[in-house]
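Shown next, in structure tokens, is the structure this report addresses.
The values are calculated or read from the model by the stated rules, or taken from the named source; none is laboratory data. Given the structure is predicted, the values throughout are model-derived calculations rather than measurements. Every residue, glycine as well, gets a Cβ built from its backbone with ideal geometry; the counts of neighbours run over all protein chains shown. Only protein heavy atoms, including side chains, enter the accessible area calculation; ligands, DNA and RNA are left aside. Shrake-Rupley method; radii C 1.70, N 1.55, O 1.52, S 1.80 Å.
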Amino acid sequence: MNAIEMKHVSKTYGSFAIKDLNLTLPEGCILGLVGENGAGKSTTIGLLMHAVLKEAGEIKVLGVDNTSKEFQDVREDVGIVLDEAYFPEVLNGRDVNKIMKYTYKNWEEETFFRYLTQFGIERQKMFKEYSKGMKMKLAIAVALSHRARLLILDEATSGLDPIVRDEILDIFNEFTREENHSVLISSHIVSDLEKICDYVAFLHQGTLVLHEEKDRLQETYGILRLGRKEAEDIPKEAIAGVRDNGYYKEMLVKRRLLPGNYTIERAGIEEIILYLARGEQI
Amino acid sequence: MRGLLLKDWLVVIKQTKVYFVLMFVFALIPGMGVYSIFFGALLPMTAFAYDERSRWGQMAEMMPYSPRKVVEEKYMFGYLMAGGISVLEAVIQILYYLAGAGQGGLAENMAVILVSVMMALNVMALQMPVIFRIGVEKSRIFLMFVTISVMMALQSFFSRSVFETTVVLPEWSSFMLPGILVVTLVIQLLSRMLSVKFCTDKKK
């Protein structure tokens, strides 16, 4: 089963539009949704949770149409972390626990307090006294404490220092050890996604430019550096993006469209995305 | 809904302790109880303001809360707050009466409390759809206008018709309480329907 299924989804906001979006996340996997600011990542998450209304297409979350009445129950199984934690500033960890206990049927108090301890969050400290990192950690603790089967994280690691980011990425990774647990994580910090994702989707100006298994992406694309004259021999269909350095050209190429005599280097996900986003302008 | 009620209660009680003290003081002063009941019915607006400040709504719409639940919780919070203050006011009036310090008859005072709580809830019902439509910040002037107008009208009506014994009550006065109750129920129902619609329409 797919944890997330979006078929031909469209949404327009003035001049910005999500066009014919097709996105799937197989159960048990982590999908990284990458895109520049304003690419439509948060809108996509809003569409998934039916907080934003689609104009066309079909959306299923954990096998349930998100416009159906049953979707209200599905929300119980989805842990959400938004780009900021929007808790009222006078609440503390204990208050959040009490509120969530009456919000989620499967709320696990012990798990929540265990995460608070692990994250070094004082239970009595008011939310307004938290650092940005602590706020995000509180939101993550909430998302992980109601036996969610799907985690949706919208820029959950942005604004955190590298050590905390690493710690949190490990937790997300651990979450998917249970085979029916899945994660959708949106970020513009591609290195984070590269560490944990099974699939990478790249949203550029509202359009899904790629949606591929991470390993396959690296099998498909590679980096080729050639002199300007030699570069002219490379078939255009094999080139996904070019950077002209003056003396030589660095190209993102499709490996299978080139003969084996070229030395093609491994491309990082960030490189692939940058090339695909900016094509020949890079 | 209990989670949302608890959240509003915790936020309001932590932020507006002075407000609660004032409500209690007003409830103690004869003739001023109406104001404390109105303050109680205004507490959902305070909760709205803190929600807006923390952008709680963005998170709540991802949680297992339908727009209907979100709306019903705010009305319920108002009913509980205004209802709670009214009970307190009634108890204070009874104690005054037992101590021989009450103004007017006990039955009249209870009727005033009942009419006040219904009017306060109707003011709340007039404000709620506007808040769900345009937010508490933009609707502030409307909220103040409605609240003050109704409170002044009530104060004026009661001071003339109830406490001044020389005024002869009209024949229809015995139907006033049930009449206001019916009108209140209709207003509450319409207001809730409108609020649910506006809250749902917020999804773009």
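For this structure, a couple of remarks:
- Residue within segment A:57-75 that is within 10 Å of chain B (Cβ to nearest Cβ), over 20 Å from A:PHE202 (Cα atoms) and in contact (Cβ under 8 Å) with a residue 40 or more places away in the chain present: no
- Residue identified as surrounded by 14 or more Cβ atoms within 10 Å (Cβ to Cβ), more than 18 Å from A:ILE45 (Cβ to Cβ) and within 14 Å of chain B (Cβ to nearest Cβ) among A:PHE127, A:PHE119, A:PHE113: A:PHE127
- Among the residues of segment B:158-180, those that are at pLDDT 70 or above, hydrophobic (A, V, I, L, M, F, W, C) and open to solvent by less than 90 Å² (accessible area, probe 1.4 Å) comprise B:MET176, B:LEU177, B:ILE180.
- Residue tally, condition open to solvent by 40 Å² or more (accessible area, probe 1.4 Å) and either of a type outside the set (S, T, N, Q) or in contact with a Pro (Cβ under 9 Å, 6 or more places away or on another chain) (or both), over segment A:147-193: 15
- Scan of segment B:18-59 for residues that are more than 12 Å from chain A (Cβ to nearest Cβ) and in a loop (DSSP other than H, G, I, E, B), ordered by number: B:ILE29, B:PRO30, B:GLY31, B:MET32
- Scanning segment B:60-89 for residues that are more than 14 Å from chain A (Cβ to nearest Cβ) and basic (Lys, Arg) yields a total of 1.
- Yes/no for A:ASP73 being open to solvent by 20 Å² or more (accessible area, probe 1.4 Å), closer than 18 Å to A:LEU150 by Cα and touching a Leu at 6+ places or on another chain (Cβ under 8 Å): no
- Only residues that are over 12 Å from A:GLY57 (Cβ atoms), small (Gly, Ala, Ser) and assigned to a strand (DSSP E or B) were counted in segment A:1-29, giving 2.
- The residues listed here are B:ILE141, B:ILE113; of these, the one that is out of contact with any Pro (no Cβ under 9 Å at 6 or more places or on another chain) and without any contact (Cβ under 8 Å) to a residue 12 or more places away in the chain is B:ILE141.
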